[in-house]
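S.K.: Before I ask anything, here is the structure I am working with.
Derivation of every value follows stated rules applied to the coordinates shown; laboratory data play no part. Keep in mind the model is a prediction, meaning the values are calculated, not measured. Cβ sites come from the backbone with ideal geometry, for glycine too, and all protein chains shown count toward neighbours.
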Amino acid sequence: MESLKKYNDWQNVLDYAHEEGYQEAVLKYEELLQKITKRAEEEHKKLIETAKWLLSLGMSIDTISEKTGLTKEEIEKL
């Protein structure tokens, strides 16, 4: 009976540690995802500015799309 109590106690400790570790991992994942998303948005803004500049120089939409990776539709909206 005593060994069953010890087993249950240890199982509870392990379950708690597992849950805490999981929650910590989720928080770190969410923080990393936010950083990556923000960086991607900043890079996209830079590409838009570059495309605007290239358009002002008279470069074709096809060439701008090829060089920036933006779609032709995105560039046409500029």
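S.K.: Taking the simple approach of a point 7 Å from Cα along Cα-to-Cβ for both Ser56 and Glu31, what is their distance in nm?
M.R.: My value for the distance between the label points is 3.9 nm.
S.K.: Additional query: Would you calculate, for the chain, the mean residue ellipticity at 222 nm contributed by helices, counting each DSSP H stretch of 4 or more residues as -39,500 (n - 2.57) and dividing by all residues, to the nearest 500? Please list the in-between numbers first.
M.R.: Working: 3 runs with 68 residues, N = 78.
Calculated from helices alone, the mean residue ellipticity at 222 nm is -30500 deg cm²/dmol.
S.K.: Might you report the magnitude of the Cβ-based charge dipole of the stretch 1-48 about its Cα centre, with Lys and Arg at +1 and Asp and Glu at -1, to the nearest 20 debye? Walk me through the numbers on the way to the answer.
M.R.: Details: 8 positive and 11 negative charges, 65 e Å.
Result for the stretch 1-48 is approximately 320 debye, rounded to the nearest 20.
S.K.: May I pose another question? Output wanted: per-residue J couplings in Hz (rounded whole) for the stretch 2-14, from phi through Karplus 6.51 cos²θ - 1.76 cosθ + 1.60, θ = phi - 60°, x for Gly and Pro.
M.R.: Ordered by residue, 3J(HN,Hα) equals 5, 5, 5, 5, 4, 4, 4, 4, 5, 4, 5, 4, 5 Hz.
S.K.: What ranking do Met59, Met1 get, fewest neighbouring Cβ atoms within 10 angstrom at the top? List each step's numbers first, then the result.
M.R.: Working: Met59 14, Met1 4.
Listing Met59, Met1 from fewest to most nearby Cβ atoms yields Met1, Met59.
S.K.: Another question, then. Farthest toward the dipole's positive end in the chain, which of Asn8, Met59, Leu27, given Cβ charges of +1 (Lys, Arg) and -1 (Asp, Glu) about the Cα centre?
M.R.: Looking along the dipole axis, the top candidate is Met59.
S.K.: Taking θ as phi - 60°, what are the ³J(HN,Hα) couplings along the stretch 41-51 by the Karplus curve (6.51, -1.76, 1.60), each to the nearest whole Hz, with x for Gly and Pro?
M.R.: The phi angles translate into 5, 5, 5, 5, 4, 5, 5, 4, 4, 5, 4 Hz.
S.K.: Measure off 7 Å from each Cα along the Cα-to-Cβ vector at Lys67 and Met1, then give the distance between these two points in nanometres to one decimal.
M.R.: Here the answer is 8.4 nm between the modelled labels.
S.K.: For the chain, what is the relative contact order in percent, using Cα pairs closer than 8 Å and at least 6 residues apart in sequence? Please list the in-between numbers first.
M.R.: On the way: 22 pairs, mean separation 15.0, N = 78.
That works out to 19 percent.
S.K.: Okay, next question. What number, in nm² with one decimal, is the all-direction average of the projected area of the convex hull of the alpha-carbon atoms of the chain? Numbers along the way, then the final one.
M.R.: Numbers: hull surface 28.9 nm².
Orientation-averaged projected area of the Cα hull: 7.2 nm².
S.K.: Among residues other than Gln34 whose Cβ falls under 12 Å from its Cβ, what is the net charge (Lys/Arg +1, Asp/Glu -1)? Present the calculation step by step, with values, prior to reporting the outcome.
M.R.: Numbers: positive: Lys28, Lys35, Lys38, Arg39; negative: Glu30, Glu31, Glu41.
Net local charge, Gln34 excluded: +1.
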